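Structure first, commentary second.
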Amino acid sequence: MARQSRLDEPGAPSFRLVLDQGAIEQTVGGNRTMREQLLSLRRASGRHTIQVLPFGSREHTMLGGTPVLLTMPDGSELAYSEGADHGRIIDKPEHVRAYARSFEQLCADSLSAERSARLITEAAARCGRAPRERRALTGKVLRHRGGRLPRHRPGA
């Protein structure tokens, strides 16, 4: 949280972020945690540019990693690429430009910042409705003689 608060300080760096829609739709850490994370993103969207790449978007060149483009205080640019088993800094100008072009295409394929903010707000509002949504997804509620089936708890 201390790192996040730095983004609110005067002179803080700004950022532009593109999230896959799955990142805001799939609950991670429970409904409460997910809702808090989504609302935090929504608040940040007032100061930073946050866009959502919707389901059904075309394939893009940034699949399989988490690229970061950095503009340093001296104006030079770097790219950082991170995957499940690697992280590397890219400093060759032609490679950084290629990353920047790919990122701009990703932004163009994404929802506008305004529509993305609405989608994030809608996803946050859905958190906490898991039982109803589970019924809607499965089309049925499983029952046994004593009422609803108990939830399976791993290790129990």
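Computed quantities for the displayed model
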read-out	value
Cβ-defined net charge surrounding LEU7, 11 Å radius [Lys, Arg +1; Asp, Glu -1]	+2
Among ALA117, LEU69, GLN105 the positive-end extreme of the charge dipole of the range 2-130 (Cβ point charges)	ALA117
Cβ charges +1 (Lys, Arg) and -1 (Asp, Glu), total dipole of the range 2-130, debye	520
Charge tally in the Cβ shell below 10 Å around PHE55, where Lys, Arg are +1 and Asp, Glu are -1, PHE55 excluded	-2
Residue-count net charge about LEU69 - beta-carbon cut-off 13 Å; Lys, Arg +1, Asp, Glu -1	-1
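A short reminder: the numbers here are calculations on the coordinates, not readings from a lab. These numbers come from a predicted model, not from an experiment. Every residue, glycine as well, gets a Cβ built from its backbone with ideal geometry; the counts of neighbours run over all protein chains shown.
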